[in-house]
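We did not get these values from a lab; they are worked out from the coordinates using the rules stated. It should be emphasised that the depicted structure is a prediction, and the values quoted were computed from it without experimental measurement. Cβ: placed from backbone, ideal geometry, glycine included. Neighbour counts: every protein chain shown.
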Amino acid sequence: MNLDFSVLNGYIPYVMKGITITLMFTFVSALFGFVWGTVLSLFKLSSIGPLRWFATVYTSIFRGTPLLLQLFVIYYATPQLFNYDISPLMAAGLAFGLNSAAYLSETIRGGILSVDQGQREAALSLGIPYRTMMISIILPQAVKNILPALVNECIALLKESSLVSVIGVEDLMRRANVVGADTFKYFEPLVFVGVIYYILVLLLTLLARLLERRMRRSD
């Protein structure tokens, strides 16, 4: 089959450096998506019509168009529209964060609605401000209820991060392509990177299970 994994000799440290970029990108995108998704979910639950309309339209647009298209629009259109030379990593973080927020907003909204209505009524009857009630009482319980969905979103972001290679971000996939171009053998570096992605997903899943088990003990 003409396979020769020895072609990776000398390239392994170069490829492994992509792990840091991939994990950093995933963490920043997930954090931004969670924060903005929480805001959007509160907009959807708001009694203010324009906020509900904005959140609904936003979610519809970002869920109804391809992520790769959103990435290209942010990376290539930003210099044209705003005369700002955005870096590939920043463009990728924005695209993935904004896209993730659209999906997470529905998940978080469902988590908030799953919290017993009586707790909300009790907090309001005690004179607890709405913002304090949401941050200290409702949202922690909502996050606990939707933790598996949040983990799935992080895993999806980790795997979809390979798309950023198309705009020049030197993540794992980009570095695998560079090795393939240098050695004229693509199968070996792609398999190597695939194993790395798989191990990262397994570690993320394990950490999520440990966190979920710890949260259950705290009940």
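For the range 179-191, putting each phi into the Karplus relation 6.51 cos²θ - 1.76 cosθ + 1.60 with θ = phi - 60° gives couplings of 5, x, 5, 6, 9, 6, 10, 9, 4, 4, x, 5, 5 Hz, in residue order, rounded to whole numbers and with x for Gly and Pro. Helix-only arithmetic for the chain: the sum of -39500 (n - 2.57) across DSSP H runs with n ≥ 4, divided by the residue total, places the mean residue ellipticity at 222 nm at -26000 deg cm²/dmol.
Which of rounded, prolate, oblate describes the range 7-217, given a ≥ b ≥ c as roots of the alpha-carbon gyration tensor eigenvalues and a/c under 1.5 marking rounded, otherwise prolate only if a/b is larger than b/c? Cα axes put the range 7-217 in the oblate bin. Take the alpha carbon gyration tensor of the range 136-219, find the square roots of its eigenvalues, order them as a ≥ b ≥ c, and report rounded if a/c is under 1.5; if not, report prolate when a/b exceeds b/c, else oblate. The shape class here is prolate. Of all lysines in the structure, those lying under 25 Å Cα to Cα from Lys185, and not within fewer than 8 positions of it along the same chain, are Lys17, Lys159.
Here the label points at Gln119 and Trp53, each 7 Å from Cα along the C-beta direction, are separated by 3.3 nm in the simple model.
For the range 66-147, the square roots a ≥ b ≥ c of the C-alpha gyration tensor eigenvalues yield an a/c of 1.5 or more together with a/b exceeding b/c, which makes the shape prolate. One Cα centroid belongs to the range 82-119, the other to the range 34-63; the line between them spans 10 Å.
Between Ile128 and Ser60, what FRET efficiency follows from the Cβ-Cβ distance if R0 is 41 Å, with the result rounded to 0.05? Working shown, then result.
Values: r = 34 Å, r/R0 = 0.82.
Plugging the Cβ-Cβ distance into 1/(1 + (r/R0)^6) gives 0.75.
Protection proxy ranking of 195-203, 157-165, 182-190, by the mean of other Cβ atoms within 10 Å over each peptide's residues and highest first, is 157-165, 182-190, 195-203.
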